[in-house]
Amino acid sequence: MRALLAALTLLLIATPAWAAPETKTLDAPRGAKVPVAIHVPAAKAPFADAEGKRPALLIAPGQGYHMGLPLIAGLAEEAALAGLVAYRFDWAYTAAKGRPAPDLASEIEDMETALQALLADPRVDPSRVFIAGKSLGTLVSYRVFAAHPALKALFLLTPVGRGGVETNYPQLAETKRPILMTLGNRDPLCPLPVLYAALAKTKGNVATLIVAGDHGMNVGDWRDPAFKERNAANIRAALEGTVHWMRLALEAESD
């Protein structure tokens, strides 16, 4: 019994005590509702400026990969642990079980709505803002990033290579701000040779972080008893590595 209690105590000590995120619903200009969850760092977390304002991260979901799933929620938690205010949101069509607009205009509006809320947050330093997206969210966040030159860096989780990297991410070879692409080594929507061929034309500002897995960073057969634990470890590695690049960008600014 004593050994069991000791083990439980160690587990509690080792497990982060995540505060529940704040939630709100934003009104997009077209009248659509955009649900948002906000993760706020602990008071003693790094990167606050003299006024207590912090860098921030906005995360866009995938087409069917909503903001409560591990890659999105986990990235927000890891970013908050690192000292960033992290916003994650869902597309307005998600609650209605709809589909994205063919030209992604509605989804760009959703992300712009969330971005303006983040920039207006008194806890956020608007000069230190990153954005990120997963899958469909990479297509939207890339366009939002291009429209806002003040945004510091872009983080693309499971980018889409099908249809052409240069087509999906226009003028990628001309971009100069930092971009990180995080994906699995067996992602059928973005084979590594296709991605690397496109990145060879860039200016060296686009980095890649490769872990195992498919488009959801899933590893192996879901019927395998070890599947859940293996996947969780793989996703954790992807998220920790992604946030590591955020830290590097913030530390480089302060040097």
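Tabulated data for the structure shown
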quantity	calculated
Projected label distance in nm at A232 and E51, using a 7 Å step from Cα toward the beta-carbon	4.1 nm
Under-5 Å amide H pairs with L26, H placed in peptide plane, nonlocal only	V34, V36
Calculated over region 97-195: convex hull of Cα atoms, volume per residue (Å³)	120 Å³
Radius 12 Å from Cβ of D49, net charge of other residues (Lys, Arg +1; Asp, Glu -1)	+1
FRET efficiency estimate (nearest 0.05) - Cβ-Cβ, Q171 to A28, R0 22 angstrom	0.25
Calculated [θ] (222 nm, deg cm²/dmol) that DSSP helices of n ≥ 4 give over the chain, each run adding -39,500 (n - 2.57)	-12000 deg cm²/dmol
Using θ = phi - 60° and Karplus 6.51 cos²θ - 1.76 cosθ + 1.60, couplings along region 22-39 (whole Hz; Gly, Pro as x)	6, 10, 7, 10, 9, 9, 6, x, 7, x, 6, 9, 10, x, 10, 10, 10, 9
Under-5 Å amide H pairs with T208, H placed in peptide plane, nonlocal only	M181
Ranked order, T202, T158, T208 - accessible area, probe 1.4 Å, largest first	T208, T202, T158
Share of carbon and sulfur in the accessible heavy-atom surface of region 162-239 [1.4 Å probe, %]	57 percent
Hz values of 3J(HN,Hα) by residue in region 188-197 - Karplus curve (6.51, -1.76, 1.60), Gly and Pro given as x	x, 8, 8, x, 4, x, 5, 5, 4, 4
Residue-normalised accessible area of the chain, given per residue in Å² at a 1.4 Å probe	50 Å²
Rounded percent of accessible protein surface that carbon and sulfur make up, region 89-154, 1.4 Å probe	60 percent
Cross-link partners of K201 among aspartates and glutamates (Cα-Cα below 15 Å; sequence separation of 8 or more within a chain)	E166, E174
P(r) histogram, all alpha-carbon pairs of region 38-144 included - 5 Å bins from 0, percent	2, 14, 24, 23, 17, 11, 6, 2, 1
Structure-derived volume of the Cα convex hull per residue in Å³: which label, when the choices are (1) 142; (2) 123; (3) 153	(3)
Local electrostatic count, R128, Cβ distance below 11 Å [Lys/Arg +1, Asp/Glu -1]	0
In sequence order, calculated HN-Hα J values of region 130-139 (Karplus, 6.51, -1.76, 1.60; Hz; x Gly/Pro)	10, 10, 8, x, 10, 6, 3, x, 6, 5
FRET efficiency, 1/(1 + (r/R0)^6) with R0 45 Å, evaluated for R123 and N205 via beta carbons	0.95
Coil-residue chymotrypsin sites (Phe, Trp or Tyr not before Pro) of region 199-255, DSSP, other Cβ within 10 Å capped at 14	W222
Candidates per GluC sites (Glu not before Pro) in region 36-140, loop by DSSP, up to 11 other Cβ within 10 Å	E51
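The values are calculated or read from the model by the stated rules, or taken from the named source; none is laboratory data. All of these numbers come straight from a predicted model, not from anything done at the bench. Neighbour counts run over all protein chains shown; Cβ positions are idealised from the backbone, glycine included. Ligands, DNA and RNA are excluded from the accessible area calculation, which covers all protein heavy atoms including side chains. Shrake-Rupley method; radii C 1.70, N 1.55, O 1.52, S 1.80 Å.
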